[in-house]
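First comes the structure, then the notes that go with it.
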Amino acid sequence: MTLTPAPDAAARRPGPAPSASPAPSVLPSPSVSPSLVLRVCCEFGLTAVLLLGVVTGVRWLFAPDGYGGGGAAFAVLGAGVGALLAALMLSAPGRRSGAHLNPAVTLALWRLGAFPGRDVLPYCLAQLGGSVAGTWLGAVVWGPVVARPPVGYAVVRPGPGWGEGAVVAAEAGVLAASALMLAGLLARPVGRRLLPYAVGLVTALVIALLGPLTGGSANPARQFGPALLAWEAGGTGPLLWAYVAGPVLGAVAGAVLWRRPGGRQGARLGDRPVSPRET
């Protein structure tokens with residue numbers, strides 16, 4: 001499993017010119033990646049499913065007619081979202097697109113040289129669009145209770161005493177560490193096989209530990225759809241900028257740390273594009 005699908009042009013490498021009138025191949029080349037449109041559609045759908053799962057978990061764990069909140073609710077939510085994320089990464093659409101599901105992850109992989117720059121914007125737009133679609137679908141499935149407090153479209157909010165600057169710093173720290181983890185795992189074949197489980201575990205821990213403090217988002221797409229729908233419903237779309245800026249800054253910082261002069265660049269992540277079906 002990998003988070004870095006090969007660019008569509010990866011198969012066109014410099015090399016000897018082909019001989020005249022080559023015999024046609026009856027087998028598809030394994031190095032040809034799926035089309036960008038198909039991969040972007042996978043990212044949209046997978047992110048929508050992730051947000052539907054998040055809204056569902058928040059609805060049943062924090063609404064008065066559900067579990068009712070409490071300290072254990074964040075741990076249960078983290079375990080559920082982490083398991084869902086790992087399953088989405090291991091799914092066929094996840095293998096096809098690379099299952100980033102997070103604009104900050106896409107940016108980190110680009111800065112690491114493991115993802116083509118021309119695909120960054122389509123992936124990020126698909127993830128943000130999937131966030132809106134999944135949140136809206138959660139409201140359709142579970143009804144008006146999703147729009148009312150304390151669910152509020154599953155908008156992430158910081159705990160008491162956490163200002164905007166503290167939220168940005170915490171979110172940036174989580175993504176910087178995550179970017180370094182991704183680089184380390186992608187550098188080795190065994191790491192790539194463990195990647196979905198590692199990402200799921202880290203996500204579960206972030207939600208369980210930071211959820212009561214900063215909100216535990218660590219993903220601009222996690223906050224974008226809920227904040228947008230909450231704002232349209234008369235809410236404030238709280239701290240959307242902080243939950244976008246923090247992960248983005250942290251992802252870029254983590255990638256810079258990995259690729260710094262004299263740092264651990266032995267993996268050379270950009271040397272060989274990774275097939276989306278590689279395991």
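The values are calculated or read from the model by the stated rules, or taken from the named source; none is laboratory data. As the structure is a prediction and not an experimental result, all values here were calculated from the model. In this analysis, Cβ positions are derived from the backbone assuming ideal geometry, glycine residues included, and neighbour counts consider all displayed protein chains. Note: accessible area is taken over every heavy atom of the protein model, side chains too, but ligands, DNA and RNA are not part of it. Shrake-Rupley method; radii C 1.70, N 1.55, O 1.52, S 1.80 Å.
The table for this structure:
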item: Residues of segment 185-198 classified as in contact (Cβ under 8 Å) with a residue 12 or more places away in the chain and either open to solvent by less than 20 Å² (accessible area, probe 1.4 Å) or polar (S, T, N, Q) (or both), total; result: 3
item: Candidates A221, A169, A204 - the one that is open to solvent by 60 Å² or more (accessible area, probe 1.4 Å), out of contact with any His (no Cβ under 8 Å at 6 or more places or on another chain), among the small types (G, A, S) and at pLDDT 95 or above; result: A169
item: Every residue from segment 97-115 that is under 20 Å from A172 (Cβ atoms), in contact with a Pro (Cβ under 8 Å, 6 or more places away or on another chain) and small (G, A, S); result: A104
item: Residues that are in a helix (DSSP H, G or I) and touching a Gly at 6+ places or on another chain (Cβ under 9 Å), drawn from segment 61-78; result: L61, F62, A73, F74, A75, V76, L77, G78
item: Qualifying positions in segment 97-127 - more than 18 Å from A255 (Cβ to Cβ) and surrounded by fewer than 20 Cβ atoms within 10 Å (Cβ to Cβ); result: P122, L125
item: Elements of type helices (runs of 4 or more DSSP H) contained in segment 111-214, each with 2 or more residues being within 16 Å of F74 (Cβ to Cβ); result: 164-186, 189-210
item: Test: residue in segment 225-242 that is over 18 Å from the mean Cα position of the chain (by Cα) and acidic (D, E); result: yes
item: Failed item, numbered, when A23 is tested on (1) over 26 Å from the mean Cα position of the chain (by Cα); (2) farther than 18 Å from I207 by Cβ; (3) at pLDDT 90 or above; result: (3)
item: Selection status of G211, open to solvent by less than 60 Å² (accessible area, probe 1.4 Å), without any contact (Cβ under 8 Å) to a residue 12 or more places away in the chain and not hydrophobic (A, V, I, L, M, F, W, C); result: no
item: Residue in segment 140-148 that is under 22 Å from the mean Cα position of the chain (by Cα), at pLDDT 95 or above and either open to solvent by less than 10 Å² (accessible area, probe 1.4 Å) or of a type in the set (D, E, K, R) (or both) present; result: no
